[in-house]
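Just so you know, all these numbers are worked out from the coordinates, no wet-lab data involved. Predicted model only: the values in this text are computed from it and were never measured. Glycine gets a Cβ as well: all are built from the backbone with ideal geometry, and neighbour counts include every protein chain shown.
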Amino acid sequence: MIALLLFLALFALLLLGFPVAFTLAGVSIIFGLFTFGLELFNLLPMRIYGTMNNYVLIAVPLFVYMGVMLEKSGIAERLLNAMAMFFGGLRGGLALSVVIVGAMLAASTGVVGATVVTMGLLSLPVMLSRGYSPYLATGTIAAAGTLGQVVPPSVILVLLGSVMNISVGDLFVGAVVPSLLLVVGYIIYIIVFSLLKPGAAPAISASERAAFKGKGFYGRLFRAFVLPMILVVAVLGVIFAGIASPTEAAGVGAFMATLLTAYEGKLNLKVLREVMTETTHLTVMVFIILIGATAFGLVFRGVGGDQALVSLIESVKLSPYAFLAFVMIGMFIAGFFIDFIEIIFIFMPVITPIFARYQMDLLWIGILVCLNLQTSFLTPPFGFSLFYLKGVAPPQVTTQHLYRGIIPFIVIQLLVLLAVALHPQLAVWLPKALR
């Protein structure tokens, strides 16, 4: 009963708009005082200290720094321009270029906000001015920006690895095939849309593409494609080859992003200060929520909530796959209202032991959860990608355009989630093959 009241109080306060981190910690401490008394203040610091000593979590600020620094380098802008001209001869070519650039940026930054804002500022006005449907334009940019949550190196995968106590490197490798399925699904949708409605996704004129391929074309192509690929290979290559751990690779990525920004002539004290400030803000937000979640987990287990949940599931005789379906549906609905970080830190410590008890592959579960949480960035009313894009969109782009535009991409995400759920080998084959 106390565990149920703890959950109800937490979700009621979250829905009323109280800050997540302080709500998690505050509610947990109040319930903890009733449960443990003053002994809570001996138990809680030890749990928090254990969490802060987690070596894997060092990767979080390093990957965030890498993404923010790369945003300042100007590489994304050149990559978008080059890709747009490369695919410009096709109907829907601009939308295709946004998806592919989104995937490349996801593999080199992993920061959704930076990717959506950058592509929104650079691509959305161009697509609208060339006659693209606002539904296709906004949906493509918002969906491509969320690829950073699935394509490694993803912060979601780092947090899941820490909470579920599984290898972050295996999660990175396991996410490769589902990520490719998502990109292919987006591309197929854009091609079909362009064939059915050619006027809503026109091609770029031959003269404009010819002008772009003028003097210095290959030099521009090198700077647009090769530089981001160097960063991707430097980070993911050392992980997949077993040379470095994800945390060490995050350090390599942060250093390489700094070098690339310096190579572009964009590195100065002002940029460095902005990058460090933004990195600090994002990292502090994650870790304050983590501290609150640690307090919540301590109290929830202290009142026997985990055992009560296991007993409840056993009493209703849910099969492992019925329980998995229940969890996936619950997370999808929760993503409409709360952030992916809170979902990871609230739900995963509670349900991971149950999956382990069912003897289900936790690597496969982690990939499914990651794919599920990606939808939380697109589902209204609190889809963060929609907020980011609306903030930089021209005045003629309405909220209705955004909401209608993202529906096909949410369907694609759910179909990929279903495919990986029905065929676990899509997530676990590659990690096993590389061992």
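Tabulated data for the structure shown
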quantity	calculated
R0 of 22 Å, Cβ-Cβ distance I329-A308: FRET efficiency to nearest 0.05	0.55
About the Cα centre, charge dipole magnitude for the range 251-341 (Lys/Arg +1, Asp/Glu -1 at Cβ), debye	80 debye
Estimated vicinal HN-Hα couplings, Hz - the range 324-334 in sequence order (Karplus 6.51, -1.76, 1.60; Gly, Pro = x)	4, 4, 4, 5, 4, 5, x, 5, 4, 5, 4
Angle in degrees between helix 93-108 and the longest Cα principal axis of the chain, rounded to the nearest 10	50 degrees
Extension gain from I187 to R47, taking 0.36 nm per residue of separation minus the Cα-Cα distance	45.8 nm
For the range 213-293: rounded, prolate or oblate by the Cα gyration tensor [a/c cutoff 1.5]	oblate
Efficiency of FRET from Cβ geometry, A241 and A9, R₀ 41 Å, rounded to 0.05	0.30
Principal-axis tilt of helix 305-315 within the chain, Cα atoms, nearest 10 degrees	90 degrees
Max mean-square fluctuation residue, GNM over the chain, Cα-Cα springs under 10 Å, options V101, V192, V56	V192
Förster radius 25 Å - calculated FRET efficiency between T399 and H281, Cβ distance, rounded to 0.05	0.40
In Hz, Karplus ³J(HN,Hα) per residue of the range 30-36 (6.51, -1.76, 1.60; θ = phi - 60°; x = Gly, Pro)	4, 5, x, 5, 6, 8, 9
The chain: relative contact order as a whole-number percent, Cα under 8 Å and 6+ apart	28 percent
Mean ellipticity per residue at 222 nm, deg cm²/dmol - from DSSP H runs of n ≥ 4 across the chain, formula -39500 (n - 2.57)	-24000 deg cm²/dmol
Angle in degrees between helix 59-73 and the longest Cα principal axis of the chain, rounded to the nearest 10	20 degrees
In sequence order, calculated HN-Hα J values of the range 357-364 (Karplus, 6.51, -1.76, 1.60; Hz; x Gly/Pro)	5, 6, 6, 8, 5, 5, 5, 4
